[in-house]
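Undergrad: Please see the structure below; I have some questions.
A short reminder: the numbers here are calculations on the coordinates, not readings from a lab. Here the structure is a predicted model, which is why all the values come from computation and not from measurement. When we count neighbours, we look across all protein chains shown, and the Cβ atoms used for this are built from the backbone with ideal geometry, even at glycine.
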Amino acid sequence: MRARHTDVTVTVTLWVPRDAGSDLRSSVESVLGDIEGVDAVTVRNVTDVQPRSTDIQVTTVADVTVAVPVDGEGAVRETLADGFGVMDVGRCTVET
């Protein structure tokens, strides 16, 4: 089955390494961009930052293009939730 490219706006909480070596937005884009199936990421807003001893917990709103086998919010949520460092996938709006 061919993957469909789905554009979404999502609120996600994830871990960003402290030693990422770039600004916070770029680090968030990198973590999300490393998820299998994610083709593009643009951070709209960082809404919460909680520094920890080795990582930074970040909640962000981002525009993401995801390749999923079926249309729909559920497939996008599952793809993002399986990503390394992703703690929670909150609001997810599929762009039409």
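Undergrad: Would you work out if the chain is rounded, prolate or oblate? Take a ≥ b ≥ c from the square roots of the eigenvalues of the alpha-carbon gyration tensor; rounded if a/c is under 1.5, else prolate when a/b is larger than b/c, oblate otherwise.
TA: prolate
Undergrad: Grab the DSSP H runs of the chain that are 4 residues or longer, score each as -39,500 (n - 2.57), total them, divide by all residues and round the 222 nm result to the nearest 500 deg cm²/dmol.
TA: Value at 222 nm, helices only: -5500 deg cm²/dmol.
Undergrad: May I pose another question? With the chain treated as a Gaussian network of Cα nodes joined by springs under 10 Å, which of 59, 47, 79 yields the largest mean-square fluctuation?
TA: Its mean-square fluctuation being the largest, the pick is 47.
Undergrad: A further question on this structure: Show me the GluC sites (Glu not before Pro) within the range 28-92 that DSSP assigns to loop and that have at most 11 other Cβ atoms within 10 Å of their Cβ.
TA: When the GluC sites (Glu not before Pro) of the range 28-92 are filtered for loop state and at most 11 Cβ neighbours within 10 Å, 36 remain.
Undergrad: If you don't mind, there's one more thing I want to ask. How high is the relative contact order of the chain, in percent, counting Cα pairs under 8 Å that sit 6 or more residues apart?
TA: The value is 44 percent.
Undergrad: Across the range 80-86, in residue order, what do the Karplus-derived ³J(HN,Hα) couplings come to in whole Hz, using 6.51 cos²θ - 1.76 cosθ + 1.60 with θ = phi - 60° and x for Gly and Pro?
TA: So the Karplus estimates, Gly and Pro as x, are 5, 5, 6, x, 4, x, 7 Hz.
Undergrad: Are there any trypsin sites (Lys or Arg not before Pro) in the chain that are in a DSSP loop and have at most 15 other Cβ atoms within 10 Å? List them by number.
TA: Listed in order of number, the matching sites are 2, 18, 52.
Undergrad: To test your reading of the geometry: what angle, between 0 and 90 degrees and rounded to tens, separates the Cα axis of helix 24-33 from the longest principal axis of the chain?
TA: 40
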